[in-house]
Amino acid sequence: MKFLLILFLLSSSFFALDVSTRYDVYVTMFGHVGYCDVELHEDKERYEIKVVAKTIDTAALLLSNRIETFTSKGKIKNKRYIPDIFIKTKETTKKTRHETYTFNHDKKEITLLEKKTKLVNRMEFDSATFKLKLREVKESSTKEETLDNYVEDDTLSIYLNSKYGCDLAQKKHKIMAIGAHNDKNNVSYECLEGAKKNSAAIKFSSEVKNIYNLHVEPINRDDSIVDVLISYDNDGFFIEGLMDEIFWVGSMRAVRMSHKVLNN
């Protein structure tokens with residue numbers, strides 16, 4: 001499901017407006033496996049963007065009804081999105097992991113508050129029947145720490161800040177953000193032009209004018225490098241994404257199904 005986040009984030013050219021978009025996700029072997037909703041609310045000084053990815057049908061069964069939610073809130077200063085807080089939540093039938101990253105840009109520090117809950121089976125003595133019974137109980141844990149490394153962006157804010165990336169002479173850009181990079185893997189994107197762009201364009205289901213290639217190096221060097229092709233419209237909003245041949249399930253595709261823009 002991390003792929004869902006990768007796909008639904010390259011909607012980079014946002015202005016003072018509200019945006020509501022839905023994307024459907026398809027996998028060769030299973031068909032329609034999920035969808036993702038993106039909500040952006042912005043004014044001159046503040047922004048909030050929320051991404052919710054859900055599995056459905058067979059994928060939901062295989063992944064225990066997984067739902068992933070990502071939220072970034074912060075300030076807008078000199079056309080730059082500066083996160084104050086980044087929240088990442090993963091929920092399944094029996095487990096929940098909630099991570100809250102709080103940025104202190106003056107001190108160059110990021111604090112992580114992590115909360116986990118899970119349902120486990122526990123054998124307990126029933127005094128009424130004098131028998132042992134298996135009962136499902138909830139276990140919880142909380143951990144708070146200051147991260148070793150500081151970066152300015154989270155996964156969502158860096159994409160909001162990349163709106164002019166393809167307008168620069170430099171076409172390749174490294175991504176350094178909470179939720180997208182660590183010491184063991186690198187993420188970058190390249191704005192395609194010329195022959196590279198023409199070769200990529202034929203893979204999409206509709207005619208496209210602008211294409212990114214999102215490049216993700218795996219944590220385990222024995223794994224394959226992940227490349228995701230992203231098409232976007234002239235305003236920078238993500239239209240369609242394609243990842244070829246992942247594991248044994250085939251290719252994965254995300255397509256924009258609805259898109260509403262309300263100017264403030």
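What follows is calculated from the coordinates using simple rules that are stated; it is not laboratory data. All of these numbers come straight from a predicted model, not from anything done at the bench. Heads up, the Cβs are rebuilt from the backbone with ideal geometry, glycines too, and the neighbour counts pull from every protein chain shown.
General remarks:
- Within the same chain, aspartates and glutamates fewer than 8 places from Lys143 are excluded, and of the rest, those with a Cα less than 12 Å from its Cα are Glu99, Glu114.
- Within straight-line cross-link reach of Lys138, lysines at Cα separation under 22 Å, skipping those fewer than 8 residues along the same chain: Lys88, Lys90, Lys94, Lys95, Lys115, Lys116, Lys118
- Each of Ile158, Ile76, Ile230 was scored by other Cβ atoms within 10 Å of its Cβ. Listed from fewest to most, they are Ile76, Ile158, Ile230.
- Taking the fewest neighbouring Cβ atoms within 10 Å as the starting point, the ordered list for Cys191, Cys36 is Cys191, Cys36.
- Taking a ≥ b ≥ c as the square roots of the eigenvalues of the Cα gyration tensor, segment 2-156 is oblate, since a/c reaches 1.5 or more and a/b is not larger than b/c.
- Protection proxy ranking for 39-45, 207-213, using the average of other Cβ atoms within 10 Å per residue and placing the highest first: 207-213, 39-45.
- All lysines inside 23 Å of Lys171 as judged from Cα atoms, apart from same-chain residues fewer than 8 positions distant: Lys79, Lys163, Lys196, Lys197, Lys203, Lys209
- Between Asn198 and Lys44, the contour length at 0.36 nm per residue exceeds the Cα-Cα span by 51.7 nm.
- Residue exposure proxy: Leu63, Leu192, ordered by other Cβ atoms within 10 angstrom of their Cβ from fewest to most, comes out as Leu63, Leu192.
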